[in-house]
Amino acid sequence: MSEEKKYVPFFGCMISVKYPQFEAAVRKTMSKVGMTLVDLDGFTCCPDPIYFKSSDKLTWLTIAARNLCIAEEAGLDITTMCSGCTATLSETRYHLAHDEALKKRVNQRLKKIGKEYKGTVSVRHIVTVLRDDIGIDKVVASVVKPLNGLRVAVHYGCHLLKPSKIMQVDDPDRPTILERLLEAIGAEPVQHDANLLCCGKACMEPDMPAQMTFDILTSIKRTDVDCMGLICPTCFDAYDLGQIKISRQFKTKFDIPIIYYFQLLGLAQGLSPEDVGLNMHKIMPEPLLAKVA
Amino acid sequence: MVEISFDFKEKLDTTIGGEMHSYCFQCGACVGDCPSARYSKRGFNPRRIVLQTIVGMEEVLLEEGSIIWECTNCYNCYERCPQDVRPVEVITAMKNMAAKRETNPEDVRSMVKTVETKGMTTVLTALVDKRRVDLGLKTLKEIPVSDIQELLTEKER
Ligand code: SF4
Ligand code: SF4
């Protein structure tokens with residue numbers, strides 16, 4: 001038997017509370033590609049890289065470092081499923097590795113709860129682990145029902161890729177990682193004009209993100225795809241629930257199902273739509289399910 | 001009249017992420033791919049914002065409703081800047097300063113309160129556990145909020 005690779009999953013609060021169907025999809029699909037997830041107790045919110053970071057960066061780094069400490073104590077690397085958690089934990093790891101004085105300040109606070117951050121574990125988004133550690137061939141081998149003919153509009157979102165120097169995932173202008181993972185399950189990745197446009201969620205002026213979301217959905221609509229495929233719960237929020245708001249505001253019907261990559265992988269591995277919680281989405285993917293049935 | 005603050009540079013130099021602002025040579029490389037510059041109705045422009053920091057326009061940048069809150073945090077400017085200014089981090093450093101003055105948006109403050117008091121950005125309800133069980137997942141364990149409380153300040157509690 002080949003050696004199983006072990007990772008500590010950091011699901012974060014968006015996925016475990018708001019979109020547990022993504023957690024279910026990850027757990028049910030990863031067991032079939034030889035990735036062992038070792039759950040640890042005691043994690044908190046990463047904390048979020050938009051609001052919390054914009055309020056008090058030192059505290060943001062400290063709470064993130066506390067989360068990293070938990071994996072350090074177990075001696076296992078972290079894998080993340082949300083681009084926000086990936087950003088917070090990766091940035092923290094990077095800054096504390098490159099700024100000894102900052103690390104000291106963080107550790108001074110951590111001492112109050114009996115912890116010390118050393119910097120011994122890595123943080124990788126789960127798609128990066130799949131590509132680099134597990135191997136895309138393992139994903140291919142796990143497929144029993146390839147999603148042949150399924151056209152998927154790829155949406156990267158910002159924080160998986162940028163800052164590229166810190167994230168170390170892919171070329172932020174010409175990324176290929178999601179395309180390769182989609183091809184591995186038989187689906188056809190489809191490019192569209194607003195492929196790399198930000199969802200705008202962090203902008204505190206409401207009209208701008210609404211217009212950005214409208215532009216992205218319009219750009220996708222033109223390509224005649226079956227769904228949008230993504231890897232971040234915050235982007236999902238912007239396009240699933242958000243799509244209903246935008247449809248109303250701009251008086252335009254889109255009907256674009258939004259699907260987390262691991263839900264598609266689950267379908268390709270023979271799981272049912274309910275197994276991966278597709279019934280919990282606001283935009284129901286019925287035509288897509290008929291196509292892959 | 002615009003008020004100029006002569007020690008704003010120093011303040012930014014000592015705020016995490018603000019350190020590089022004075023290396024900006026105003027090339028404008030950060031503007032072309034900035035979605036907020038494209039979508040703003042108020043003329044959001046990261047090059048101009050960094051110029052304003054150098055000039056010392058502290059009051060304009062930190063007041064309630066400042067244009068800095070139109071940034072989407074997309075990090076395109078971070079990628080493009082040849083001087084490693086990281087405009088988005090300079091903006092974030094100013095947001096930290098605004099938080100101290102409580103001139104940051106109410107929505108930001110309430111989200112931070114939720115994390116500080118609940119340990120997460122979303123609120124747990126009975127429905128969450130039911131959904132998790134339906135999906136074959138375990139119910140969620142208690143979050144160690146007391147640790148977060150302890151880490152909020154340098155001071156001993
Ligand atoms: S992070 Fe902000 S300033 Fe930088 S490119 Fe994106 S929206 Fe513009
Ligand atoms: S890209 Fe950098 S150096 Fe050029 S204007 Fe923007 S912040 Fe200044």
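Is it the case that B:GLU79 is facing chain A (nearest Cβ under 9 Å), in contact with a Pro (Cβ under 9 Å, 6 or more places away or on another chain) and surrounded by fewer than 22 Cβ atoms within 10 Å (Cβ to Cβ)?
yes
May I ask you to list the residues in the range A:1-57 that are β-branched (Val, Ile, Thr) and closer than 24 Å to B:THR117 by Cα?
A:ILE15, A:VAL17, A:THR44, A:ILE50
Does the range B:42-53 contain any residue that is closer than 16 Å to A:ALA202 by Cα and in a helix (DSSP H, G or I)?
Yes - at least one qualifying residue is present in the range B:42-53.
Which one is farthest from ligand 1 (Cβ to nearest atom) among residues in the range B:68-87 that are assigned to a helix (DSSP H, G or I) and closer than 13 Å to B:THR53 by Cα?
At the first step, the residues of the range B:68-87 found to be assigned to a helix (DSSP H, G or I) are B:68-70, B:76-80, B:87.
Filter once more, so that each one left must be closer than 13 Å to B:THR53 by Cα: B:68, B:87.
On the way: B:ILE68: 9, B:PRO87: 5 Å.
Per the stated criteria, the residue is B:ILE68.
Which of the residues that make up the range A:212-237 are away from every other protein chain (no Cβ under 14 Å) and closer than 20 Å to A:MET280 by Cβ?
A:ASP226, A:CYS227, A:MET228, A:GLY229, A:LEU230, A:ILE231
Do you know which residues across the range A:197-211 are more than 9 Å from every other protein chain (Cβ to nearest Cβ) and open to solvent by 20 Å² or more (accessible area, probe 1.4 Å)?
Answer for the range A:197-211, where residues must be more than 9 Å from every other protein chain (Cβ to nearest Cβ) and open to solvent by 20 Å² or more (accessible area, probe 1.4 Å): just A:PRO206.
Which residue out of B:ARG42, B:ARG48 is surrounded by fewer than 19 Cβ atoms within 10 Å (Cβ to Cβ), without any contact (Cβ under 8 Å) to a residue 24 or more places away in the chain and farther than 24 Å from A:HIS95 by Cβ?
None of the others qualify; the one that does is B:ARG48.
A quick yes/no check of all residues on (1) within 22 Å of A:ILE231 (Cβ to Cβ); (2) touching a residue at least 24 places away in the same chain (Cβ under 8 Å); (3) part of a helix (DSSP H, G or I); (4) in the same structural domain as A:TYR19 (by TED's automatic domain parsing):
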{"site": "A:GLY42", "(1), (2), (3), (4)": "no, yes, no, yes"}
{"site": "A:CYS46", "(1), (2), (3), (4)": "yes, yes, no, yes"}
{"site": "A:LEU58", "(1), (2), (3), (4)": "no, yes, yes, yes"}
{"site": "A:THR62", "(1), (2), (3), (4)": "no, yes, yes, yes"}
{"site": "A:ARG66", "(1), (2), (3), (4)": "no, yes, yes, yes"}
{"site": "A:ILE70", "(1), (2), (3), (4)": "no, yes, yes, yes"}
{"site": "A:GLU73", "(1), (2), (3), (4)": "no, no, yes, yes"}
{"site": "A:ALA87", "(1), (2), (3), (4)": "yes, yes, yes, yes"}
{"site": "A:SER90", "(1), (2), (3), (4)": "yes, yes, yes, yes"}
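Out of the range B:14-39, which residues are without any contact (Cβ under 8 Å) to a residue 12 or more places away in the chain and away from chain A (no Cβ under 14 Å)?
Across the range B:14-39, there are no qualifying residues.
Condition check ((1) open to solvent by 10 Å² or more (accessible area, probe 1.4 Å); (2) under 30 Å from B:MET97 (Cβ atoms); (3) more than 7 Å from every other protein chain (Cβ to nearest Cβ)) across all residues:
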| residue | (1), (2), (3) |
| --- | --- |
| A:CYS13 | yes, yes, no |
| A:PHE22 | no, no, yes |
| A:LEU37 | yes, no, yes |
| A:ALA65 | no, yes, yes |
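Among B:VAL50, B:VAL2, which is the only one that is more than 12 Å from chain A (Cβ to nearest Cβ), within 16 Å of ligand 2 (Cβ to nearest atom) and of a type in the set (A, V, I, L, M)?
Only one candidate qualifies: B:VAL50.
Evaluate the following for B:VAL88: is it of a type outside the set (S, T, N, Q), assigned by TED's automatic domain parsing to the domain that holds B:GLU142, open to solvent by less than 70 Å² (accessible area, probe 1.4 Å) and within 25 Å of A:PRO206 (Cβ to Cβ)?
no
Filter the range B:54-67 for residues that are within 14 Å of another protein chain (Cβ to nearest Cβ), in a helix (DSSP H, G or I) and either open to solvent by less than 20 Å² (accessible area, probe 1.4 Å) or more than 16 Å from ligand 2 (Cβ to nearest atom) (or both) and give the result.
Listed by number, the residues that qualify are B:LEU61, B:LEU62.
Scan the range B:134-155 for residues that are within 7 Å of chain A (Cβ to nearest Cβ) and charged (D, E, K, R) and jot them down.
Within the range B:134-155, B:LYS141, B:ASP147, B:GLU150, B:GLU154 qualify.
Using the structure shown, decide if B:ASP107 is loosely packed, with under 14 Cβ neighbours inside 10 Å, within 30 Å of B:GLY28 (Cα to Cα) and either in contact (Cβ under 8 Å) with a residue 12 or more places away in the chain or not hydrophobic (A, V, I, L, M, F, W, C) (or both).
In short, no.
The values are calculated or read from the model by the stated rules, or taken from the named source; none is laboratory data. All figures in this text were calculated on a predicted structure; none of them were measured in a lab. Every residue, glycine among them, receives a Cβ derived from its backbone with ideal geometry; neighbour counts consider all protein chains shown. The protein model used for the area step is the full one, side chains on, heavy atoms only, and it has no ligands, DNA or RNA in it. Shrake-Rupley method; radii C 1.70, N 1.55, O 1.52, S 1.80 Å.
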